[in-house]
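Take a look at the structure set out below.
The values are calculated or read from the model by the stated rules, or taken from the named source; none is laboratory data. Everything numeric here is computed off the predicted structure, so don't read it as measured data. Methodologically, a virtual Cβ is constructed for each residue, glycine included, from the backbone with ideal geometry; neighbour enumeration extends over all protein chains shown.
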Amino acid sequence: MPNSPDTEFLEAALAGYQCKLTEIEGRMAELRARIAGPSHSAKPAAAPAKKKRRLSAEGRARIIAATKKRWAAVRKAKAAAAK
């Protein structure tokens, strides 16, 4: 039996309300955690910081060269448009 427009509308409304319910329950859990205080917090321990990636001198030089090439093309296009 195909769904009538009313049934589809009600199913969509139900899905929307379920989403709102999940959001409200999450906010309630946050409030409960705040009420309990920092000693009862359910937050996991902080993850260790990732190492900072370093850029080699060669890689940096390639980026600088590419940037200069891009800006040269922009200036060239502006000059051509101005003529």
Completion exercise
Residue pairs within 8 Å by beta carbon, gap of at least six or interchain, first lying in region 1-16 and at pLDDT below 90, second not in a helix (DSSP H, G or I), listed first then second, are E11/N3
Practice task
Could you run through region 41-73 and say how many residues are polar (S, T, N, Q) and modelled with pLDDT under 85?
Solution key: 1
